[in-house]
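The values are calculated or read from the model by the stated rules, or taken from the named source; none is laboratory data. Please read these numbers as outputs of a predicted model, since none were measured by experiment. Virtual Cβ from ideal backbone geometry, glycine too; neighbours counted across all protein chains shown. For accessibility, only protein heavy atoms count, side chains too; no ligands or nucleic acids. Shrake-Rupley method; radii C 1.70, N 1.55, O 1.52, S 1.80 Å.
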Amino acid sequence: MGASQSFRAMCDREKNTNIRVSLPAVCIVWQISMIILFGIFIRYDAESDAHWLEKKPKNISAIENDFYFRYPSFQDVHVMVFVGFGFLMTFLKRYSFGGVGFNFLIAAFGLQWALLMQGWFHHLGDDGKISINVYSMINADFCVAGCLIAYGALLGKVSPVQLMVLTLFGVTLFAVEEYIILNLIYAKDAGGSMVIHTFGAYYGLAISWMLYRPNLDQSSRLQGSVYHSDVFAMIGTLFLWMFWPSFNSAITEHGDGQHRAAINTYLSLASTVLTAVAVSSVFQKHGKLDMVHIQNATLAGGVAVGTAAEFMLMPYGSLIVGFCCGILSTLGYIYITPFLEKHLKIQDTCGIHNLHAMPGVIGGIVGAITAAAASESVYGTEGIKLFKFPPAQQGGHQAGALCVALCFGIGGGILVGAILRLPIWGDPADDNCFDDESYWEVPEEEESIPAVMQYNNHMRNKDVAESNFTMDSDTRPRA
Amino acid sequence: MGASQSFRAMCDREKNTNIRVSLPAVCIVWQISMIILFGIFIRYDAESDAHWLEKKPKNISAIENDFYFRYPSFQDVHVMVFVGFGFLMTFLKRYSFGGVGFNFLIAAFGLQWALLMQGWFHHLGDDGKISINVYSMINADFCVAGCLIAYGALLGKVSPVQLMVLTLFGVTLFAVEEYIILNLIYAKDAGGSMVIHTFGAYYGLAISWMLYRPNLDQSSRLQGSVYHSDVFAMIGTLFLWMFWPSFNSAITEHGDGQHRAAINTYLSLASTVLTAVAVSSVFQKHGKLDMVHIQNATLAGGVAVGTAAEFMLMPYGSLIVGFCCGILSTLGYIYITPFLEKHLKIQDTCGIHNLHAMPGVIGGIVGAITAAAASESVYGTEGIKLFKFPPAQQGGHQAGALCVALCFGIGGGILVGAILRLPIWGDPADDNCFDDESYWEVPEEEESIPAVMQYNNHMRNKDVAESNFTMDSDTRPRA
Amino acid sequence: MGASQSFRAMCDREKNTNIRVSLPAVCIVWQISMIILFGIFIRYDAESDAHWLEKKPKNISAIENDFYFRYPSFQDVHVMVFVGFGFLMTFLKRYSFGGVGFNFLIAAFGLQWALLMQGWFHHLGDDGKISINVYSMINADFCVAGCLIAYGALLGKVSPVQLMVLTLFGVTLFAVEEYIILNLIYAKDAGGSMVIHTFGAYYGLAISWMLYRPNLDQSSRLQGSVYHSDVFAMIGTLFLWMFWPSFNSAITEHGDGQHRAAINTYLSLASTVLTAVAVSSVFQKHGKLDMVHIQNATLAGGVAVGTAAEFMLMPYGSLIVGFCCGILSTLGYIYITPFLEKHLKIQDTCGIHNLHAMPGVIGGIVGAITAAAASESVYGTEGIKLFKFPPAQQGGHQAGALCVALCFGIGGGILVGAILRLPIWGDPADDNCFDDESYWEVPEEEESIPAVMQYNNHMRNKDVAESNFTMDSDTRPRA
């Protein structure tokens, strides 16, 4: 143990995880920048401004404010971003603080920067001001989700300062990519299969590739779960799973579009659970289930139905999408993740390749096919106006959008990965990965100590030869 | 230890928990069946179809889509089904994976089958198609809740394959029973005291009676909680408790009916908490509270007010219902559950008899009395139309509905229990009950190991020349 | 251990925590009182009464019932009160049951009493009846929140009977204070910075001062967290953080007011996270983060923006408020809490002074300044009617309201503290503070025992007379 300790100390000397200057500096400087930029650019929009009362059309009552028709969806998305993603990343035995805590930090920063970036691209008025409302808040949460997905690949291997940098660039890239896909290519992507999931996942995987750690197995004893950390992660899984219908319907058109998006997502996710369980069981000894698959692969159907959720995918179509993704995603955890690590040097802590990257690409393809197959008989003369172009052309645009998302993800990830390789960010040594000790004051685990201490005291005091003490309540961990 | 192991191995030979063929087969075959049946039968309804835009009445705006007035309630019910029921069943020290995970699996399957079964009975159009919308999704979640309640009695004693069978038959029985109660008898049961809780609970109890295990005390060391598993269970309790007003109001008539149902449930549940605490305290040494009562009995008021929630029960009436149920349910945990196990051979892991069966029956009776006591002076000329029949007759129909629920629950449970006794389902031996090891890859508890390993190292280095014991899996904290 | 045990037994004799008579008696008597008072006073209001269908204006449809525009906000607030506050208080290693359980108990009682108290002051009709609806339910939850804040200062040091007394008086004082502030002074306080947070926090701190325990350090080994209890507490933190926009907007005017309140709170909270992290990091060795700060100080921005949330605070103004509060609140945990304990004899378990008291006062001041700075050019001719008085005068009224909240909090706390000092409430001895054993049946921690038992068995069998190994830090389960 002494040897191990001095080795660890040596590593610490090589890799300095002291972020006492850099983290506060980044947080304070960036937050002050946000205040200044918000002061210059951000204003309430018409529906959230106090002038609304006098300016609103006379035949509209206060309860027709869009707040009432978007806010419940916003809150569901908000829960997914903070509790869903946050708790999904608590599964590691000794990185739960980092999982949920850093998720909290970068989401809180990212949403501010997203309001600005998305505002400049989408909501800049003639007066040079950005108008925000509940719709902007949903979009900001969406934008942040892309960066949180990327964090999943890097969980336990980067410093919070690196995560802040990742988020700054990630949000920026996201806003540009989103503008190209939605406003230049005119592709539809209500649930963000391409814009959010494909981009976010490849962004994270590319960064992970740039930050490859060949000797990571040193800390492999910490790269796993314990019983209770797996239960914590299920909180994240379930809140993501339950609220995904809100995610995919949150920014679609009012009326049948939102209604249909929720139904499609609900069905796709239900189907995914069954095939994820089936594949997990068939690949384990005695048919035992693996918590990694239940926590992650069960969500793949929500990702894959994102683009097409508002389309006339049909209920059975949603089930089919979910069916395929549950199988593919679980197989990904079994075969592809080890392959990526071994042969492509991509270390993917949470397996985002299986949960976001592949299903995201599938979602883009499903969207392209569904759009290309659209017809007025299915959508009606009004409904078909959902698409800007005739079906075949729209399908092409959808496919183009998928390529844009991939390029931005991979290209941006390589760029940002290069920046994050600079030796100034306080990232942990291989030996300290997946360990909250690097960045958190971790409480001592007093619980398990007393029993052993009690025993030791006893051993010192007694002549063990005649020892006949029994296990009474005092020697239990919790006296 | 060796003896124990060989005994356990012997049991394992007798009872084979290998579900590597059966579980995947059931999941895949049933999911493919769902896809085919959905392809044949299930379509979007008018409000979720893309034709809505052109077909909707001209004076209706997009924000009057029923989606906006049911979806928040749906999401609350959804949280109750997956997080509420799921986490309530994590209280066992070593069955948290099975509690929350199998709940997830059977709910995801059940809701698909429920959409079909309930659709055939309630929403089959002239064209032979079932139209689904957000209202159907709420009803599917309700239907699933019945099966999850039944799972509570069997927690830790059945295999996931058995649970899938239980759910298939449970949903089928539920749909028939619901059709009889609502559409033939014309009883009212907005919150499902009879349709969901009474049926589900007696269905589970009857199955448990059929699957009686006389030697279950062998695994009694696992049939309890640890500190943190009790806190996990409180997540389930609280989400059930908080969202119960949504549960009881989700499918009532728009307007005052939903409003009143939420208020009544809110009040009844508040009252239950106080009496559950009171009875829990008075029956323990030093007045200490028992987590089992706090986790479960505090919810009884929500069950018992289910049928009458939309009636003019009056606020004080709701308090009285909650008051009585808190007392009765807690007494049930103290006296009736042990009695059922000892004398009636019904083993009820979660005590669903106290949380769902008794309060469900009370709810049915309260509903019958309240309906029989209805008058035009209390309900108004429009409000009284809530009931199809004159008050006294309606009261009789309500009582009849309760009998139907009881018969379907007990009869169906005996039937399904007989099927589940077949020795083909991979259920665990008595010795392996309440243990996730049977069906899950459980992570090793590394945390507690170092102390022992350290000791072992020490022993090897010191003069213990004859010592040759090694650290095998049996000596680990979690054998 | 024997000596320690007899000492503990002696303390127990001095301080009798037996509440087997008092707790049930209080619960039952008070609940029966609630039933009687509800029977006399509480009725459904027009929108939740069955007569609504015939009495409602003809041009209003059922979906314009206020239920649909308040209920989602109500549910968010409800989650904050029961899961948010409840789980935030699970952070102690051995008081999680008491944290979440007693929170549950007093909230369930408090909301009934609040419906009565607030009803008498605000909703008493000419017929002497109180009409309740979803709006009343939100207000009742708000009222309860004040008492739960107070509980935070006393966590682990009081008996549940004392908490019931605290809640009875707290709700009573709250209703009077609220009436004075809103209906006599005509101050605005939508999110309750003054009415809820300032009042609740000083009420709790004053009680804690009255109940000062000079020898509390005896139980200091339990006054900390363990790894998993900190993760549980993050559930509370995140649900509070996410739903705070609903809290601050729940009872504001329909339309732009609610919309703006949600935006302002969303932004203020985001800003707080970054500065709380920055200050936490800069004050720890190696820049490590402290979970206490992340769990609590990140919420201060929501408190501080409460009063002004519905005002035209402007997005950058919200960020500034959050910025300052994140810094101040974290510094409070580092410097002020120890100071209060040492020099002012105020023991504040959860640090409510930093999370609620200071930010609440800041919120009141921000509200006064913002109101005083209001102008028709910013608010519009209709919007400015939000305030009853001209801006400067309104600012004065706001400041006056803050003083009222402070006086009621401190004065009421001293009064109630004096009552709670009576030796009849079953509060724990210093040695038993922060320990669930006093009031809960705590499950035995079987998990950690086998290792020690195994070891003991081994020791009995082997001759290790010369054994003198000691327990150093390396042998602990988590080095």
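Relative to the other identical copies, B:LEU415 shows label-point distances of 6.5, 6.5 nm, where the label point lies 7 Å from Cα along the Cβ direction and values run shortest first. Ligands, DNA and RNA aside, A:LYS285 has an accessible area near 150 Å² when probed at 1.4 Å. Calculate how steeply helix C:391-420 sits against the longest principal axis of the alpha-carbon atoms of chain C, using the helix alpha-carbon long axis, and give the answer as 0 to 90 degrees to the nearest 10. Helix C:391-420 sits at roughly 40 degrees to that axis. Rounded, prolate or oblate: which one fits chain A, using the alpha carbon gyration tensor with axes a ≥ b ≥ c (rounded when a/c is under 1.5, else prolate when a/b beats b/c, else oblate)? Prolate. Here the Karplus curve 6.51 cos²θ - 1.76 cosθ + 1.60, taken at θ = phi - 60°, turns the phi angles of the range C:230-246 into couplings of 5, 6, 4, 4, 5, 4, x, 4, 5, 5, 5, 4, 5, 8, 4, x, 5 Hz, with x standing for Gly and Pro. Distance between the pseudo-spin-label points of C:ASN16 and C:ILE60 (7 Å out from Cα toward the beta carbon): 5.7 nm. Each other residue within a Cβ distance under 13 Å of A:ILE346 adds +1 if Lys or Arg and -1 if Asp or Glu, for a net charge of +2.
Take chain B with all the other protein chains still there, run a 1.4 Å probe, and you get 31 Å² of accessible area per residue. Only protein heavy atoms count here; on that basis, with a 1.4 Å probe, A:LYS288 has an accessible area of about 40 Å². On chain C, 60 percent of the accessible area sits on carbon and sulfur atoms, based on a 1.4 Å probe.
Under the convention that each Lys and Arg Cβ holds +1 and each Asp and Glu Cβ holds -1, the size of the dipole of the range A:114-255 around its Cα centre is about 440 debye.
Amide H contacts of A:TRP440: C:LEU289, each under 5 Å away and 5 or more positions distant or on a separate chain (H built 1.01 Å from N in the peptide plane; Pro and chain starts excluded). Note on the range B:86-239: Rg/Rh from Cα positions, Kirkwood definition for Rh, rounded to two decimals, is 1.02.
About its Cα centre, the dipole of the range B:172-291 is roughly 400 debye, where the only charges are +1 on Lys and Arg Cβ and -1 on Asp and Glu Cβ. Summarising the amide proton neighbourhood of C:ILE42: residues at separation of 5 or more, or on other chains, whose placed amide H is nearer than 5 Å comprise C:ILE130.
For the range C:151-309, the square roots a ≥ b ≥ c of the C-alpha gyration tensor eigenvalues yield an a/c of 1.5 or more together with a/b not exceeding b/c, which makes the shape oblate. Each Cα pair under 8 Å and six or more residues apart adds its separation to the average, and for the range A:108-208 the resulting relative contact order is 36 percent. Largest to smallest in accessible area, the residues A:SER318, B:SER131 fall in the order B:SER131, A:SER318 (1.4 Å probe, all protein chains included). Counting 0.36 nm for each residue step from B:PHE389 to B:CYS407 and taking away their Cα separation leaves a gain of 4.1 nm. A simple count of charges around A:ILE263, restricted to other residues whose Cβ falls under 11 Å of its Cβ and scoring Lys, Arg +1 and Asp, Glu -1, yields -3. With label points defined 7 Å past Cα in the direction of Cβ, position C:PRO338 shows copy-to-copy spacings of 5.1, 5.1 nm, given to one decimal and shortest first. Centroid-to-centroid, using Cα positions, the range C:233-297 and the range C:326-349 are 20 Å apart. Charges were assigned to the Cβ only: +1 to each Lys and Arg, -1 to each Asp and Glu. The resulting dipole of the protein assembly as shown about its Cα centre is roughly 340 debye.
Coupling constants for the range A:157-172 follow from the phi torsions by the Karplus curve (6.51 cos²θ - 1.76 cosθ + 1.60, θ = phi - 60°), and in residue order they are 10, 10, 8, x, 5, 4, 5, 5, 5, 4, 6, 4, 6, x, 5, 4 Hz; glycine and proline get x. In nanometres and ascending order, the distances from the A:ARG221 label point to those of the other copies are 2.7, 2.7 (point 7 Å from Cα along Cα→Cβ).
Using a probe of 1.4 Å on the protein chains alone, the accessible area found for B:ASP256 is around 10 Å². A helix-only calculation puts the protein assembly as shown at -19500 deg cm²/dmol for mean residue ellipticity at 222 nm, using -39500 (n - 2.57) for each DSSP H run of at least four residues, averaged over all residues.
Summary value for chain A: 22 percent relative contact order, contacts being C-alpha pairs under 8 angstrom separated by 6+ residues. Interface burial in the range B:123-139, defined as at least 30 Å² less accessible area with all protein chains than with the chain alone at a 1.4 Å probe, covers B:ILE132, B:MET137. Note on C:LYS285: lysines with a C-alpha under 17 Å away, same-chain residues under 8 apart excluded, are A:LYS15. For the range B:234-382, the spread of Cα positions along the three principal axes, ordered from largest to smallest, is 53, 30, 24 Å. Residues in the range A:248-287 near a label at A:GLU382, defined as backbone nitrogen under 14 Å from the 7 Å Cα→Cβ point? Once the point is set 7 Å along Cα→Cβ of A:GLU382, A:253-258 turn out to lie under 14 Å by backbone N, inside the range A:248-287. For the pair B:TYR179 and B:ASP430, the difference between a 0.36 nm per residue extended length and the Cα-Cα distance amounts to 86.5 nm. Listed values for the range C:76-93 are Karplus-derived 3J(HN,Hα) couplings in whole Hz (6.51 cos²θ - 1.76 cosθ + 1.60, θ = phi - 60°), namely 4, 5, 4, 5, 4, 5, 8, 8, x, 4, x, 6, 4, 8, 8, 5, 5, 5, and x replaces Gly and Pro. Taking the C-alpha atoms only, the angle from helix C:22-41 to the longest principal axis of chain C is near 10 degrees. Summing Lys and Arg as +1 and Asp and Glu as -1 over all other residues whose Cβ lies under 13 Å from the Cβ of B:PHE74 gives a net charge of -3.
Overall, the ratio between the Cα radius of gyration of the protein assembly as shown and 2.2 N^0.38 Å, rounded to two decimals, is 0.87. Of all DSSP-defined beta bridges confined to the protein assembly as shown, some 20% are antiparallel rather than parallel.
Take the Cβ atoms of C:ILE36 and B:ASP217, set R0 to 45 Å, and the FRET efficiency comes out at 0.45.
From the cross-link list A:LYS56/C:LYS56; A:LYS157/C:LYS288; C:LYS129/C:LYS188; A:LYS58/C:LYS56; A:LYS288/B:LYS157, which pairs have alpha carbons spaced over 18 Å apart? Too far apart for the 18 Å limit: A:LYS56/C:LYS56; C:LYS129/C:LYS188; A:LYS58/C:LYS56.
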